[in-house]
């Protein structure tokens, strides 16, 4: 579930080195931290479920702190379809939403803050179908800011992820959670992922901000079909901006600004999760620029200076993205062991000012490039040799990325806090549970961004 299985095209980017899980992997660091946290947070974490005699305040809104002093107590009392509305304050707790169709909403995105204190494991875990987290900030957790998952075993969740610490998940035991939404969430300085959808289907992650994650700002993993939309987000200063692993079919990533990470976007297949190989995502109309930021957590596999990397993904469409200023490579397709990348179509992107603009390091002849605006291609004349109109071509010489020295990373907790982000215009409006999502998605409505300055919109 980490990006450590995406590797740059051969030869490896200088500075990547041989993977040493005790030196590089955020999960190895997490394991050590969790051993300490198990002792440190006993008696110091969130209050448990509300007492049996707690009373619902009536209506469809439960207020914090007016009705209950902690978010968890309010969530425990809320009924299906209720909104838990949280007033400004710092809430040092972990929250579990297990009931269906609960809307957890802050009254102000920037001043309603869930703070893990680099002691608590997860900020908000959502296993209730159709539930929502919106208009608040979550930071300082050892694992994830917000996790949407069908994994209901708390011991597995304490590994910091949706699955069982790299063992392929039992999808029969833990069927997907159906329906989720994260809107205007700020997630920063968390030990793994900012906003994390794993074993989850039928969701939207939108208009959110993620920075300072030691793995990925936004992650969608192990879903088939995913039926998930990732749109209008800003991800920066993470080890990886957006990661898709074993996430297949109905997955659309559009109109996001992905900049100043170590790696912008990764699309991966691996055997450490179920549902490999990854298949059929659309990545369109995004700004993917300058992913060479030194003041970021170290990427688990040492990757650095990569815009969009497809490692063993299949039948993906990468269209109309602005990809520039990435020192190693703009867009690269490569084959990790056991998972040849195939059927990927890279079309109509503006890929300029990168170390190498386009690189094909996959031996599969089904990957193609057409209508892009690159300057440096590897192998040379890539768009001619692997054009999408060609049929029956043979394998090409392996392409290469530009050599880059990856600088040392910094602890995730030391990435500077982000500036204030736009809040919901009317936080008292009726809540909207996450049902019938994502709805119709028209990726073609997201044009090629004109510049790197503005968040792309359709």
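Of all residues in region 379-387, none satisfies being within 16 Å of residue 309 (Cβ to Cβ), modelled with pLDDT of 95 or more and either in a strand (DSSP E or B) or out of contact with any strand residue (DSSP E or B) (no Cβ under 6 Å at 6 or more places or on another chain) (or both).
Of the listed requirements (1) buried (at least 24 other Cβ atoms within 10 Å of the Cβ); (2) on the phi > 0 side of the Ramachandran plot, residue 331 misses just one: (2).
Go through region 167-219 and count every residue that is outside any strand (DSSP E or B) and closer than 18 Å to residue 134 by Cβ. Can you show your working first?
In the first step, residues of region 167-219 are kept if they are outside any strand (DSSP E or B); the result is 168-176, 189-192, 199, 207-208, 212-215.
Then drop every residue that is not closer than 18 Å to residue 134 by Cβ, which leaves 190, 207-208.
Residues that pass the stated criteria total 3.
From the list 330, 338, 355, exactly one residue is assigned to a loop (DSSP other than H, G, I, E, B) and either within 22 Å of the chain's Cα centre (by Cα) or farther than 21 Å from residue 239 by Cα (or both). Which is it?
Working: 330 fails: assigned to a loop (DSSP other than H, G, I, E, B); 355 fails: either within 22 Å of the chain's Cα centre (by Cα) or farther than 21 Å from residue 239 by Cα (or both).
Just one listed residue meets the conditions, 338.
Right, residue 297: over 16 Å from the mean Cα position of the chain (by Cα) and either in a loop (DSSP other than H, G, I, E, B) or buried (at least 24 other Cβ atoms within 10 Å of the Cβ) (or both) or not? Step through it out loud before you land on a result.
Values: over 16 Å from the mean Cα position of the chain (by Cα): no; either in a loop (DSSP other than H, G, I, E, B) or buried (at least 24 other Cβ atoms within 10 Å of the Cβ) (or both): yes.
Against the criterion (over 16 Å from the mean Cα position of the chain (by Cα) and either in a loop (DSSP other than H, G, I, E, B) or buried (at least 24 other Cβ atoms within 10 Å of the Cβ) (or both)), residue 297 does not qualify.
For first residues located in region 88-106 and more than 17 Å from residue 434 (Cβ to Cβ), partners that are at pLDDT below 95 and lie 6+ apart or on another chain with Cβ distances below 6 Å form the pairs 93/46; 94/45; 94/46.
Please give the number of the condition residue 4 fails out of (1) out of contact with any strand residue (DSSP E or B) (no Cβ under 6 Å at 6 or more places or on another chain); (2) surrounded by 15 or more Cβ atoms within 10 Å (Cβ to Cβ); (3) at pLDDT 50 or above; (4) not in a loop (DSSP other than H, G, I, E, B). Among (1) out of contact with any strand residue (DSSP E or B) (no Cβ under 6 Å at 6 or more places or on another chain); (2) surrounded by 15 or more Cβ atoms within 10 Å (Cβ to Cβ); (3) at pLDDT 50 or above; (4) not in a loop (DSSP other than H, G, I, E, B), residue 4 violates only (3). Checking every residue in region 64-75 against the condition of being in a strand (DSSP E or B) and within 14 Å of residue 187 (Cα to Cα) gives zero matches. Residues that are at pLDDT below 95 and farther than 24 Å from residue 289 by Cβ are absent from region 203-210. Of the listed requirements (1) surrounded by fewer than 24 Cβ atoms within 10 Å (Cβ to Cβ); (2) without any contact (Cβ under 8 Å) to a residue 60 or more places away in the chain, residue 146 misses just one: (1).
What number of residues in region 171-183 are surrounded by fewer than 24 Cβ atoms within 10 Å (Cβ to Cβ) and either at pLDDT 95 or above or within 16 Å of residue 247 (Cα to Cα) (or both)?
Just the residues of region 171-183 that are surrounded by fewer than 24 Cβ atoms within 10 Å (Cβ to Cβ), to begin with: 171-175, 178, 183.
Those still in the list that are either at pLDDT 95 or above or within 16 Å of residue 247 (Cα to Cα) (or both) too: 171, 175, 178, 183.
Counting residues in region 171-183 that are surrounded by fewer than 24 Cβ atoms within 10 Å (Cβ to Cβ) and either at pLDDT 95 or above or within 16 Å of residue 247 (Cα to Cα) (or both) gives 4.
Rundown of residues vs (1) closer than 18 Å to residue 112 by Cα; (2) out of contact with any strand residue (DSSP E or B) (no Cβ under 8 Å at 6 or more places or on another chain), yes/no style:
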position	(1), (2)
183	yes, no
191	no, yes
198	no, no
203	no, no
227	no, no
230	no, no
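Looking at the structure I just gave you, is residue 266 in a strand (DSSP E or B), surrounded by fewer than 24 Cβ atoms within 10 Å (Cβ to Cβ) and either touching a helix residue (DSSP H, G or I) at 6+ places or on another chain (Cβ under 7 Å) or at pLDDT 95 or above (or both)?
Values: in a strand (DSSP E or B): yes; surrounded by fewer than 24 Cβ atoms within 10 Å (Cβ to Cβ): no; either touching a helix residue (DSSP H, G or I) at 6+ places or on another chain (Cβ under 7 Å) or at pLDDT 95 or above (or both): yes.
The answer is no for residue 266.
Among the residues of region 57-81, how many are within 27 Å of the chain's Cα centre (by Cα) and closer than 17 Å to residue 95 by Cβ? So the count comes out to 3. Could you list all residues from region 362-397 that are under 29 Å from the mean Cα position of the chain (by Cα) and within 21 Å of residue 269 (Cα to Cα)? Across region 362-397, the qualifying residues are 362, 363, 364, 366, 367, 368, 369.
The values are calculated or read from the model by the stated rules, or taken from the named source; none is laboratory data. All figures in this text were calculated on a predicted structure; none of them were measured in a lab. Counting neighbours? That spans all protein chains shown, and the Cβs are built from the backbone with ideal geometry, glycine included.
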